[in-house]
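One structure is given here, and the rest of the page talks about it.
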Amino acid sequence: MLYFLLASGFSLIYGVGRIANLAHGTFYMLGAYVGFTVAHVAHSFWLALVAAPLAGAALGWLVERLLLRRLHGRELDQVLLTVGIAFMLGDIIRAIWGADIRSTLPPASLSALVPIFGIQYPAYHLFVIAVGAVVFAAVQFALRSPLGARVRAVSSDPQIAVSLGVPVQTVRSATFAFSVGLAAFGGAIAGPLIALGPGFDLTMMLYALIVVVVGGLGSVAGALVGAIIVAVVDGFGTLQFPQFATFLIFALMVIVLSFRPQGLLGKRG
Amino acid sequence: MTADVAARSSDALAVDSVTKRFGGVTALNAVSLHVARGERRAIIGPNGAGKSTLFAVISGSQRPSAGDIEIGQRRTTGMPAEQVARLGVARTFQMSSLFAENSVLENVMLGTLTAGGQAWNAASSFDRLAPSEHDGRRALASVGLADKADVAAAQLSHGESRQLELAVALAQRPAMLLLDEPLAGLAGPERERVGRLLLDLPRDVTILLIEHDLDFAQNFADRMTVLDNGEVLAEGTPQQVRADPVVQTVYLGTGSAPVRREHARGETLLAVRGLACGYGQALVLEDVSIGVSRGEVVAILGRNGMGKSTLLNALMGFLPLRSGSIELAGTDLAKTPALVRARSGMALVPQGRRMLAGLTVTEELALGARPGPWNIERALALFPRLRERARNESQTLSGGEQQMVAIARALLRNPSLLMMDEPSEGLSPALIKTLEAAISSLRDDGETVLLAEQNVDLALAVADRVYILERGRVVAHEPAAALAANRSRLERSLGL
Amino acid sequence: MLAVLGVIAALVPFALHGYPLYVASEVALYALAAVALDLLAGYAGLVSLGQAAFFGIGAYAAAIVSAHAGPNIALTLAVGFAAAAVFGAVVAPLALRSAGIFFLMITLAFAQLVWATADKWRSLTGGSDGFVIAKVALSDTAFYAVCLGLLVVTLLLLARLLRAPAGRVLDAVRQNEPRARALGLAAFWYKYWAFVVAGGITGLAGVLHAHHRNFASLADLSWTNSVLLLVIVLLGGLRSLWGAVAGAAVFVLLQVWISSITDRWENFLIGAVLVAIVLLTRRGLWSILFPPAAVAAER
């Protein structure tokens, strides 16, 4: 589920703007840290869940407006720019929050264990799954809306979209900001579940890439499918072949890239 | 002697019932051709007929979906492009395809490497490869580029880069040449020069030529093959083909367009003056001036490659202008981006329909809709077939239905000027009739339409006035009625 | 002019001792890896984010061989080169099925595969603890000579190759692959060999690095390392072998300077340089300092 939140934003950005935002993982991490701080300072987990995506979206909008737009059409340069941003942002985050491992506690309301089919399930995990499902539904719903139609139009044929009066540039910026905000939101949600430390962004970025490659670049539903597959393979691998779990994941990525680069549900081959 | 028997025994090229499908589109349908050694064959046909696809399949850059190809008695079906090239096949590309960072001489020398066996030489210096340089310079001299040997390829004029394309192909010492629209984008003295070059090519080389310039093709070729919609329509000597009634219909229409009375004209809505634009180094349109008044339907006619689509794309803002002005209701939009033009009241029904992926018909119609006399109900009344299709994804519709969606979505913008780019392309005669009815109805409603068309019948049936484009310039400007009534005038104007 | 500068830059370190000499060796070995990547990304047009795999394979080869047969640099270099080249030969057919951004991702994926293997195969690599290597029996100056020597030989050979017909074909394939194929040139094989050769040379750099630090670690295989190499090449300018060397020099010196002030901003530096290069220039430092006079003259 966490993978989904991260990967869907990445897929959206690629689908609409043809940009592979390799800083996505770093925005995720930023969200987690912001969430952590807000939760501590304001003593409100829920506030953190609002603050993180806003921070992410604002920063993302700035990056797109000031930097990425200048590189319009230069795909490789855009990717490299996002890599640069990822590295810079990573160190900035480390400077602000330090290199110690942080962890957030889930809010009291969700700390209990919930029995399901005889297994004690941490309520927070269920919460995360529920949130993921809601976000997925919301995004799909939004994409089906007239607003979403504009996004899909830009993704499909920007030139025709322009001729039909769709403000392509604005749509791209907004999508970028939204997707990055979504990543930050994902990070904030992930806070209580993970050990937060430097380098975390790069690990997550790699996972997001795998999810997107498997599920298909440019497809949000693909991100969900990919996330599920990756989570399953990872979980299965860690259980059965702990030695090979990570290997399996990357091998999966290589296989998909070699033989079906557009992924299961993707559109850009 | 029977031409067929003799030809087959010394075939340089045998294309045997080749079909090529791209997804749902059949670009070539059971096409067969036999070309004798040393023969000069011209391949002609309207846009989208499959000519370049045919070359791609012969040269190996695409594999046929079915059928076989034999080059010099050797089966080459499915061979990769480099292998086919090594059999002695050289080709030029429709859009100049060179090594832009290298000099002219280096480009040509690269062409000599395979024939000279130097392709894997990792020790000697390329610049000092005497035999390569010698062959290269000779090829350059034969096309008249000897003095430009050290110029960077990217800095050549369009005509010069066409010459270089030819030189590179010749440097390969080919047994067979595939020339894809070598004169495209050329005008005036450059065109003559390259044309003469082509005519002077060595006679022992088998040459296949794709060209839209029918005069030139007729002059050049021993035999012509006409392709339409992926199929061979006719084949024979140039005289035979020219006189073939089926071919004439494809280019000239049936001559059965009804004569229309001319509309009372409103004030000028669109005034284009001195427009020039092109792609890269090629100048496609030169000094084009047209005008459209409110309530008129104006048609732009001309054979393919003459610039009709380029004109509409330039007007919509998809292409920057080299010079000229575009005034819509008095405001010059020449330097504004496409979004501004769309918002100012220009709408385009693009060539090839271009449906948006993942959108239903209703969504596409609603996407750009603006308030005004046109609304969804009225659009559906114009194209009732779309009612049943409203919730289907637009890309799953048939060609004719997609055309309706494309027109409707443009209309729903309530534009002041509706531009249509070859809407009849790929449609059956029955659908073209429907299209004709729709455009006539728009005309009766007082819409202003600028229509670029290859289909002469359709254009003359709906238009008030006609401009004819030839090689990037307006060469004729007549009332439609006059052209419809006088077929020989039409032929002359269209250069047929 | 260039040659004179080069000779001076090469000989000066021989007069140095201690830390400056250490830095000079570092520059030389990173320059080696950068030159290899320039061949691949600059001339063959294959921008790879997976060079760390070759670098790390070389490093671990050095470690493993040293552990079994003693720290013999001639042997480790040979094995490191071979191991990296073989890896490249095996991976290339899969990787080359992609182009552009997909190629970027698949090279990244392959590098991560190697990383994951090294991480988990503790018995072979020592896992996240890294692998300590016994010191090679060479003085610092001699070690520098080895690094410099390899760099010079590589530069000479690659320069020769790139001037030769085969090298020009590689460049042509980058510019316009369909055109090259239409001329009868087997594009795939040129890219294949570029990939393998670049991999092998990067492996050599990895061996040198391992001996330099007396340590091989997972960091050698990390994608940060791949990005670092790419930044160096971009800094020096794509398609300029000397540029790659200059880029390495500038970058290593920058790194040294930054780490003398603070030890926390290395990634930031890499990122900032990358962003600056991408936004400000497409051609890199070298062509700013020494702009090419004309197309013909550049060769």
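On segment C:2-223, 72 percent of the accessible area sits on carbon and sulfur atoms, based on a 1.4 Å probe. Using R0 = 60 Å, the C-beta based FRET efficiency linking B:A357 and C:W121 works out to 0.85.
Placing unit charges on the Cβ atoms of the charged side chains and taking the dipole of chain B about its Cα centre, the candidate lying farthest along the positive direction among B:A149, B:T268, B:S394 is B:S394. Normalising the average separation of contacting C-alpha pairs (under 8 angstrom, six or more residues apart) by the number of residues puts the relative contact order of segment B:60-194 at 33 percent.
Shape analysis of segment B:182-231 places it in the oblate category; the axes a ≥ b ≥ c from the Cα gyration tensor give an a/c of at least 1.5, with a/b not above b/c. Which log10 I(q)/I(0) values does chain B give at q = 0.13 Å⁻¹ under the Debye formula, counting every alpha carbon as one identical point scatterer? Calculated log10 I(q)/I(0) at the listed q: -1.28. Each of C:T262 and B:E231 was given a label point 7 Å from its Cα along the Cα-to-Cβ line. The distance between the two points is 7.4 nm. With the simple model of a label 7 Å out from the Cα in the direction of the Cβ, A:L54 to A:S103 spans 2.9 nm.
How much of the DSSP beta bridge set in the protein assembly as shown is antiparallel, as a percent to the nearest 5? Restricted to the protein assembly as shown, the bridges split so that about 60 percent are antiparallel. Name the residue, out of C:I261, C:I73, C:I277, whose mean-square fluctuation peaks in a Gaussian network model built on chain C with Cα pairs under 10 Å. Largest GNM mean-square fluctuation: C:I261. Please work out the Kirkwood hydrodynamic radius for the protein assembly as shown, using every pair of different C-alpha atoms, and report it in angstroms with one decimal place. Over the protein assembly as shown, the inverse of the mean reciprocal pair distance is 32.2 Å. Need one number: % antiparallel among DSSP beta bridges in chain B, to the nearest 5. Roughly 55 percent of the DSSP beta bridges within chain B come out antiparallel. Net charge dipole, chain A: roughly 660 debye, given to the nearest 20, about the Cα centre with Cβ charges of +1 for Lys and Arg and -1 for Asp and Glu. If R0 equals 60 Å, the separation of the Cβ atoms of C:S128 and B:R473 corresponds to a calculated FRET efficiency of about 0.25. For chain C, modelled as a GNM whose springs connect Cα atoms under 10 angstrom apart, the maximal fluctuation among C:F81, C:F188, C:F131 occurs at C:F188. For the pair segment B:178-230 and segment B:352-404, the centres of their Cα atoms are 41 angstrom apart.
Using the Karplus relation 6.51 cos²θ - 1.76 cosθ + 1.60 with θ = phi - 60°, the per-residue 3J(HN,Hα) values for segment C:149-165 come to x, 4, 4, 5, 4, 4, 4, 5, 5, 5, 4, 4, 4, 5, 7, 7, x Hz, with x marking Gly and Pro. Over all other residues within a Cβ to Cβ distance under 14 Å of B:P238, the charged ones net out to -3, with Lys and Arg as +1 and Asp and Glu as -1.
The mean sequence separation of alpha-carbon pairs under 8 Å and at least six residues apart, normalised by the residue count of chain B, gives a relative contact order of 14 percent. By how many degrees, 0 to 90 and rounded to 10, does the Cα axis of helix A:75-97 deviate from the longest principal axis of chain A? So the inclination is approximately 30 degrees.
Computed over chain A with a Gaussian network model linking Cα atoms closer than 10 Å, the most mobile of A:M88, A:M205, A:M253 is A:M88. So for segment A:2-195, taking the charge dipole from beta-carbon charges (+1 Lys/Arg, -1 Asp/Glu), which of A:G25, A:F127, A:Y14 sits furthest toward the positive end? Result: A:Y14, furthest along the dipole toward the positive end. For chain A, the longest principal axis of the alpha carbon atoms and the long axis of helix A:123-144 meet at an angle near 10°. With all protein chains in place and a 1.4 Å probe, the accessible surface of segment A:2-195 carries 72 percent carbon and sulfur. Dipole check for the protein assembly as shown: with +1 at the C-beta of Lys and Arg, -1 at the C-beta of Asp and Glu, and the Cα centre as origin, the magnitude is about 480 Debye.
Would you mind getting me the FRET efficiency between A:I129 and A:R260? Use the beta-carbon distance for r and R0 = 25 Å, nearest 0.05. Efficiency computed from Cβ-Cβ geometry: 0.35.
Using C-alpha pairs below 8 Å separated by at least 6 residues, the relative contact order for chain C is 32 percent. Think of chain B as a dipole: +1 on every Lys or Arg Cβ, -1 on every Asp or Glu Cβ, centred on the Cα centre; then among B:G446, B:V25, B:V194, B:G446 lies furthest on the positive end.
The Cα atoms of segment C:2-223 define a convex hull whose projected area, averaged across directions, is 12.4 nm².
Quick one: work out Rg over Rh on the C-alpha atoms of chain A, Rh as Kirkwood radius. Reported Rg/Rh (Cα atoms, Kirkwood Rh): 0.97.
Only helices enter the 222 nm calculation for the protein assembly as shown: every DSSP H run of n ≥ 4 contributes -39,500 (n - 2.57), and dividing by all residues gives -17500 deg cm²/dmol, rounded to 500. The modelled label-to-label distance between B:R273 and B:T26, using points 7 Å beyond Cα along the C-beta direction, is 5.2 nm.
Both radii are taken from the alpha-carbon atoms of segment B:301-447; with Rh as the Kirkwood radius, Rg/Rh is 0.96. Taking 0.36 nm per residue of sequence separation and removing the Cα-Cα distance, the B:A146/B:R378 pair yields an extension gain of 77.1 nm.
The values are calculated or read from the model by the stated rules, or taken from the named source; none is laboratory data. Keep in mind that this is a model prediction, so the values were computed, not measured. Neighbour counts run over all protein chains shown; Cβ positions are idealised from the backbone, glycine included. Side chains included, ligands, DNA and RNA excluded: accessible areas come from the protein's heavy atoms. Shrake-Rupley method; radii C 1.70, N 1.55, O 1.52, S 1.80 Å.
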